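Written below as structure tokens is the structure these notes are about.
The values are calculated or read from the model by the stated rules, or taken from the named source; none is laboratory data. Predicted model, so just to flag it, every value in this text is computed and none were measured. As a convention, Cβ positions derive from the backbone with ideal geometry for all residues, glycine included, and neighbour counts pool all protein chains shown. Surface areas here come from the heavy atoms of the whole protein model, side chains and all, with no ligands, DNA or RNA. Shrake-Rupley method; radii C 1.70, N 1.55, O 1.52, S 1.80 Å.
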Amino acid sequence: MKKDIFSNLIFSDNHNNELTFTKKYLDLKHHDLLAEEESQIDFFRNVIRKYKSDIGYKAKFEVDIFEKVVMEDNRNNKVEIGTDIFGNTTYEEKRNTERLSMKRDLSGNLEFRSGKEQAFLKRDIFNRWSYSDSSGNKFEFSDKTWKRLTQEHVTEEDILYFLVNRFLHF
């Protein structure tokens, strides 16, 4: 792990892997990393552990001019995490030609799209949550079930991701 003149951290190993973490990305996602040696050691160990079986992997982790977190690699993968004009989190992922996205619509409901697959997590005017997807699944959550889902998965985005994996991508 080396720090360049712009305070970016660059990891490389004997498997020809190279990962670049820009200073702006590190400041946003690992704010104490550049100042604390122990945090750097933990970060270094985690990177080694995560990429030890990869060969020739190149990736860059950065924050672009629109304040989106962008992770891009030499395997034609790209992830962008940002916010829309209303302050809602947006997530877009590209794996080769496949695209996946999760965002909120103008009503604040969550939309998931992946190729021809779609899923929605919506709240109605009575504050009841419902899920529907392109496989024909449709259900409404009771207050008790919704409370359990929020305790287990914390964010609405994580709940939708759980439901998609459980009912759309099973």
Qualifying position, being in contact with a helix residue (DSSP H, G or I) (Cβ under 6 Å, 6 or more places away or on another chain) and open to solvent by less than 40 Å² (accessible area, probe 1.4 Å), among 69, 63: 63
The stretch 91-111 residues that are farther than 19 Å from residue 158 by Cα and open to solvent by 30 Å² or more (accessible area, probe 1.4 Å), paired with ones that are assigned to a loop (DSSP other than H, G, I, E, B) and not aliphatic (A, V, I, L, M) (beta carbon under 7 Å, 6 or more apart): 96/76; 98/115
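I'd like to know if the stretch 72-81 contains one or more residues that are within 21 Å of residue 2 (Cβ to Cβ), of a type in the set (D, E, K, R) and either open to solvent by 80 Å² or more (accessible area, probe 1.4 Å) or touching a helix residue (DSSP H, G or I) at 6+ places or on another chain (Cβ under 9 Å) (or both).
Of the residues in the stretch 72-81, the ones within 21 Å of residue 2 (Cβ to Cβ) are 72-74.
Right, trim to of a type in the set (D, E, K, R) and you get 72-73.
Within this subset, residues satisfying the condition of being either open to solvent by 80 Å² or more (accessible area, probe 1.4 Å) or touching a helix residue (DSSP H, G or I) at 6+ places or on another chain (Cβ under 9 Å) (or both) are 72.
Yes, some residue in the stretch 72-81 is within 21 Å of residue 2 (Cβ to Cβ), of a type in the set (D, E, K, R) and either open to solvent by 80 Å² or more (accessible area, probe 1.4 Å) or touching a helix residue (DSSP H, G or I) at 6+ places or on another chain (Cβ under 9 Å) (or both).
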Among residues of the stretch 124-161, those that are touching a residue at least 12 places away in the same chain (Cβ under 8 Å) and among the basic types (Lys, Arg), counted: 1
Residues of the stretch 37-56 satisfying the condition of being open to solvent by less than 90 Å² (accessible area, probe 1.4 Å), on the phi < 0 side of the Ramachandran plot and outside any helix (DSSP H, G or I): 54
Number of positions in the stretch 22-36 that are among the aliphatic types (A, V, I, L, M), in contact with a strand residue (DSSP E or B) (Cβ under 9 Å, 6 or more places away or on another chain) and open to solvent by 30 Å² or more (accessible area, probe 1.4 Å): 2
